Amino acid sequence: MRRVPFSGLPKLLFSATDLVHLELHNIPHSGYILPETIATCISTSTSLKRLVLKYESPRSRPVRQSRRPPPQSRSVLPTLTDFSFTGVSEYLEDLVARIDAPLLSYMSITFFHQLILHTPQLAQFISRTPTLKLNDQTIARVRFSGLGVSCVLPRTRTGSKGLLLGMSCRQSDWQLSFLLQVCTSSFPQAFIQTVEHLYILEDTHPRPRWQDDIETSHWLEILHPFRAVKNLYLSKEFAPRIAPSLQELVGQRATETLPALHSLFVGDTQPSGPVQGDIGKFVAARQASDHPIAISSW
């Protein structure tokens, strides 16, 4: 269902015990369903494999005064493998505190814009889900667009299944703030610390609206948690954004960010352009610090 306010949904779900796919897209505020109601309803769907729960606006959120504490026991969804959510973090927190999904292999989360990301229940839910953990050869993809930002942590280098965290917003400073909170928060750290292949991409349709006053230190703060990255890939559109930050990593600072890096792949740029010049300073500093980097066109 899409944009359908369906007040009879709980009664339907209680009777649909053999339901396999449940997809609710762009749920209007008039169709808001309490997270504890959803958790109770799907607990009887022991064949449920795919759950999509996407709200239309941030108005659909739990009332703070009526939010209940997490229950002592949780409902187990034994066959759920795919879960996609769009909404506010408070809603997701109340939902995942009430369910377990031991076979979940793909989780896509898109939050509406919020200044502070606080998701302890989500962290615990992921820690209880062994199939979301990454394999030894890990990869991360960060993608900026005119609609929002996302960070994808797939379970394998070539596979698409894994964990996606994103925020829907147009302002570039909000996108950076969200990404910094994701990279420094507790629950993705177990994933980020093992990432060896990091891709940073910028969509052209629609293209992000970058602000001129973004400090170079913000990019370095985002890169800093990726201590195990060996290969860094920068798209042609994104490279000019981060290159001035990399040129600051000289002297004693040469290896304080991305210490394991040995290959840098840059989207097609002019050999004598400012991007290559800034990156060249970073490469020279790593060479001088006895941590050489190979730079290639990507």
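The values are calculated or read from the model by the stated rules, or taken from the named source; none is laboratory data. For clarity, every value in this text was computed on a predicted model and none was experimentally measured. Glycine also receives a Cβ, built like all others from the backbone with ideal geometry; neighbour counts cover every protein chain displayed. For accessibility, only protein heavy atoms count, side chains too; no ligands or nucleic acids. Shrake-Rupley method; radii C 1.70, N 1.55, O 1.52, S 1.80 Å.
The figures follow:
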{"read-out": "Protein accessible area in segment 15-124, 1.4 Å probe - carbon and sulfur %", "value": "53 percent"}
{"read-out": "Cα-based reach from LYS49 at 18 Å (exclusive), listing aspartates and glutamates while leaving out same-chain residues under 8 positions away", "value": "ASP18, GLU23, ASP82, ASP100"}
{"read-out": "Values of log10 I(q)/I(0), in the order q = 0.11, 0.19 Å⁻¹, for segment 26-137 under a Debye, Cα-only, solvent-free model", "value": "-0.34, -1.05"}
{"read-out": "With 10 Å bins from 0: P(r) over segment 10-90, alpha-carbon pairs, percent", "value": "17, 48, 33, 2"}
{"read-out": "By average C-beta atoms within 10 angstrom, highest first, the peptides 81-94, 44-57", "value": "81-94, 44-57"}
{"read-out": "Distance cut-off 15 Å, percentage of C-alpha pairs in segment 194-236 lying past it", "value": "57 percent"}
{"read-out": "For the chain, fraction of C-alpha pairs farther apart than 24 Å, in %", "value": "55 percent"}
{"read-out": "Largest-first principal axis extents, alpha carbons of segment 85-130, Å", "value": "31, 17, 14"}
{"read-out": "About the Cα centre, charge dipole magnitude for the chain (Lys/Arg +1, Asp/Glu -1 at Cβ), debye", "value": "840 debye"}
{"read-out": "Accessible surface, the chain, averaged per residue in Å² (probe 1.4 Å)", "value": "47 Å²"}
{"read-out": "Difference of contour (0.36 nm per residue) and Cα-Cα distance, LEU103 to THR46", "value": "19.3 nm"}
{"read-out": "Segment 194-239 and segment 34-61: distance between their alpha carbon centers, rounded to Å", "value": "33 Å"}
{"read-out": "Overall dimensions of segment 1-48 by Cα: Rg and Dmax, Å", "value": "10.4, 28"}
